[in-house]
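S.K.: After the structure tokens below, expect a handful of questions from me.
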């Protein structure tokens, strides 16, 4: 049954082996938990869901995300199943007759799996079908009037500074990844390319801006 909220959000953070290390997953966890705390303190009528995804996606309580101890053993699994994460998020957001529904995706970039349960196909480089299934999942969100915000992260080793501005190389550093991002943008979805230190402020400020609120300082 749909419930009335002012704003319903699902945050999807990639926890595949591609995010292992001291930069990506800590930055994504920090941004996700900061948004959770903001909603808890200032927007109690909102609904916020946190999901971790790698080979499959699952909802994760904030307390377990903070400790990186959620059940299921999916952390660091091979595979970036963005398609399944979007499907789970859509099911959760369908519970809410919200003024605005959105999905925030925090990822290293390229989807490499699709499917659910025991029917998951995974390959790297990803197949054309993996890309198509992921884009179809994004299109399903658009049909249901669920906005997408994609934050693509790069490690510091993937970025260089020129004239005081960080220039982040295309995720995955290959043409296929760049093509995927281009396809996502061509479909009308917002893609934000960031270095890890900028993620938390970008997520919080963007969330507040879309609410018509004053961005965090």
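All of the numbers you see were taken from the coordinates with simple rules; none came from a lab. These numbers were taken from a predicted model, which means no experiment stands behind them. Ideal geometry is used to build each Cβ from the backbone, glycine not excepted, and the neighbour counts take in all protein chains shown.
S.K.: Output the peptides 25-35, 178-188 sorted from most to least packed, where packing is the average of other Cβ atoms within 10 Å over each peptide's residues. Each step should come with its number before you reach the end.
M.R.: Working: 25-35: 21.2, 178-188: 14.8.
My ranking of the peptides, most packed first, is 25-35, 178-188.
S.K.: Please compute the modelled spin-label separation between residue 187 and residue 66, points set 7 Å along Cα→Cβ, answer in nm with one decimal.
M.R.: Between residue 66 and residue 187, the label points sit 3.5 nm apart.
S.K.: If you take the square roots of the eigenvalues of the alpha-carbon gyration tensor of region 109-156 and sort them as a ≥ b ≥ c, do you get rounded (a/c under 1.5), prolate (a/b over b/c) or oblate?
M.R.: In terms of gyration-tensor shape, oblate.
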